[in-house]
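Asker: First the structure, which I've put down as structure tokens, then a few questions once you've had a look.
The values are calculated or read from the model by the stated rules, or taken from the named source; none is laboratory data. In this text, all values refer to a predicted model and were calculated from it rather than measured experimentally. Neighbour counts run over all protein chains shown; Cβ positions are idealised from the backbone, glycine included.
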Amino acid sequence: QKEVEQDPGPLSVPEGAIVSLNCTYSNSAFQYFMWYRQYSRKGPELLMYTYSSGNKEDGRFTAQVDKSSKYISLFIRDSQPSDSATYLCAMSGGNNNDMRFGAGTRLTVKP
Amino acid sequence: EAQVTQNPRYLITVTGKKLTVTCSQNMNHEYMSWYRQDPGLGLRQIYYSMNVEVTDKGDVPEGYKVSRKEKRNFPLILESPSPNQTSLYFCASRRDRGTTGELFFGEGSRLTVL
């Protein structure tokens, strides 16, 4: 079993839809949870950063962490074609330098 | 502009021909790392460095070498490349040595080993 599981998709939605992206993990020591966005032929860029459980909102993006279920989510409201990218979850905590990435979900938002 | 710069961006080589992928950051970051990205496997760490002259293995270090002689540079060396090292490689840096904090990635180096 992988330490971080993420459905690779691909996921295709119409413009304006609400998108839900998810990851599960097995290491209960993780405390820092991140979402990176990766456009085609580019490196990943940090999108959202959350510590421990709870919600964090930034514009159209909401990150949720449920440590009891070892489950994190990223919601995108009013999705736009410019949101088309691969979204990677990442998490760390416990062992020093122990950051783990999900496989990434490829999202396409169609006009 | 704050950035991580990798070169080359694309490379096709043959089995056994030594190659080096350079990485440089201009943010005075302590921590630097190399990852490879393969379909379905996500980003896997190859090597990392928490300071000059300090390097350590990540999850998939076999077949790779690194060095950190200067704070800004962290080259990845493939002494004898093999086809299973065909992948997309990313260099990343972070301000601090710990596991928290944003990772800044380069734009990637796509390597094909024939």
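Asker: Restricting to the range B:83-99, what's the tally of residues that are more than 10 Å from chain A (Cβ to nearest Cβ), in a strand (DSSP E or B) and not aromatic (Phe, Trp, Tyr)?
Answerer: Matching residues across the range B:83-99 total 2.
Asker: So, of the residues in the range B:29-49 that are of a type in the set (A, V, I, L, M) and within 9 Å of chain A (Cβ to nearest Cβ), which turns out to be nearest to B:Glu102 (Cα to Cα)?
Answerer: So, considering only residues that are of a type in the set (A, V, I, L, M) and within 9 Å of chain A (Cβ to nearest Cβ), the one nearest to B:Glu102 (Cα to Cα) is B:Leu43.
Asker: Only one of these is in a loop (DSSP other than H, G, I, E, B), closer than 12 Å to B:Gln6 by Cα and either among the aromatic types (Phe, Trp, Tyr) or within 14 Å of chain A (Cβ to nearest Cβ) (or both): B:Glu102, B:Glu107. Name it.
Answerer: When all the criteria are applied, what remains is B:Glu107.
Asker: To continue, here is another question. Aliphatic (A, V, I, L, M) and over 30 Å from A:Arg106 (Cβ atoms): is that true of B:Val52 in this structure?
Answerer: For B:Val52, the condition - aliphatic (A, V, I, L, M) and over 30 Å from A:Arg106 (Cβ atoms) - is met.
Asker: Within the range B:1-34, which residues are among the β-branched types (Val, Ile, Thr) and under 15 Å from B:Gln85 (Cβ atoms)?
Answerer: Residues satisfying the conditions are B:Ile12, B:Thr13, B:Val14, B:Thr15, B:Thr20, B:Val21.
Asker: May I pose another question? If you take the residues of the range A:1-23 that are in contact with a Lys or Arg (Cβ under 6 Å, 6 or more places away or on another chain) and of a type outside the set (A, V, I, L, M), which of them is farthest from A:Gly102 (Cα to Cα)?
Answerer: Applying the filter and picking the extreme gives A:Pro14.
Asker: Here's a follow-up. Check the range A:56-69 and report whether any residue there is more than 9 Å from chain B (Cβ to nearest Cβ), closer than 17 Å to B:Gly40 by Cβ and among the polar types (S, T, N, Q).
Answerer: no
Asker: When you check A:Thr50 against the structure, is it of a type outside the set (Phe, Trp, Tyr), within 12 Å of the chain's Cα centre (by Cα), modelled with pLDDT of 95 or more and surrounded by 14 or more Cβ atoms within 10 Å (Cβ to Cβ), yes or no?
Answerer: No: the conditions fail for A:Thr50.
Asker: So which residues in the range A:22-55 are touching a residue at least 24 places away in the same chain (Cβ under 8 Å) and more than 14 Å from chain B (Cβ to nearest Cβ), if there are any at all?
Answerer: If the condition is that a residue be touching a residue at least 24 places away in the same chain (Cβ under 8 Å) and more than 14 Å from chain B (Cβ to nearest Cβ), then A:Asn22, A:Ser26, A:Ser28 are the ones that fit.
Asker: Kindly evaluate B:Ile12 against the criterion of being at pLDDT 95 or above, more than 25 Å from A:Lys2 (Cβ to Cβ) and surrounded by fewer than 12 Cβ atoms within 10 Å (Cβ to Cβ).
Answerer: yes
Asker: Scanning for something closer than 19 Å to B:Phe104 by Cβ and loosely packed, with under 14 Cβ neighbours inside 10 Å, does the range A:58-68 turn up at least one residue?
Answerer: Yes, some residue in the range A:58-68 is closer than 19 Å to B:Phe104 by Cβ and loosely packed, with under 14 Cβ neighbours inside 10 Å.
Asker: Condition check: among the acidic types (Asp, Glu), at negative phi and out of contact with any Cys (no Cβ under 8 Å at 6 or more places or on another chain). Does A:Asp78 satisfy that?
Answerer: Answer is no for this residue.
Asker: Might you let me know whether the range B:44-61 holds any residue that is within 17 Å of B:Glu107 (Cα to Cα) and either of a type in the set (Lys, Arg) or free of Cβ contacts under 8 Å to residues at least 12 places away in the same chain (or both)?
Answerer: yes
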